[in-house]
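Since the structure comes first, as structure tokens, the remarks are kept for the end.
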Amino acid sequence: MAEIIEELRGEVATALGVAPEQVDTSADLTDLGLDSVSLMGVVEGIIARGYDVDYVDLAEDPRLDAWRGLLEA
């Protein structure tokens, strides 16, 4: 599970134009500057990997640490 979170951290970092180390997994991604369109792209990537989640579930709490729980379910 840590692997997917690190992959997503990299995707978020790319969308924000920062290094992955600068993306705090406990931070609200929208507070870091990720807009709804970019968030949708990240969610689409999660779904493409075969996870059974939707945008609303992930957007409700846009923190990578919170997503870990949803992706493990």
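Between region 40-73 and region 8-27, how far is it from one alpha carbon centroid to the other, in angstrom? Using only Cα atoms, the two centres lie 15 Å from each other. Among the GluC sites (Glu not before Pro) found in region 1-61, not one is both in a DSSP coil and sparsely packed, with 11 or fewer other Cβ atoms within 10 Å of its Cβ. Modelled label positions at residue 30 and residue 61, each set 7 Å beyond Cα in the direction of Cβ, lie 1.5 nm from each other. What is the distance, in nm, between label points placed 7 Å from the Cα along the Cα-to-Cβ direction at residue 2 and at residue 52? Distance between label points: 2.8 nm.
Applying Stokes-Einstein at 10 °C and 1.306 mPa s to the Kirkwood radius of the chain, computed over alpha-carbon pairs, gives a translational diffusion coefficient of 133 µm² s⁻¹. Within the accessible surface of the chain, defined with a 1.4 Å probe on protein heavy atoms only, the carbon and sulfur portion equals 48 percent.
The values are calculated or read from the model by the stated rules, or taken from the named source; none is laboratory data. Treat the numbers as computed from the prediction; the structure is a model and nothing was measured. Ideal geometry is used to build each Cβ from the backbone, glycine not excepted, and the neighbour counts take in all protein chains shown. We work out accessible area using only protein heavy atoms, side chains counted, and drop any ligands, DNA or RNA first. Shrake-Rupley method; radii C 1.70, N 1.55, O 1.52, S 1.80 Å.
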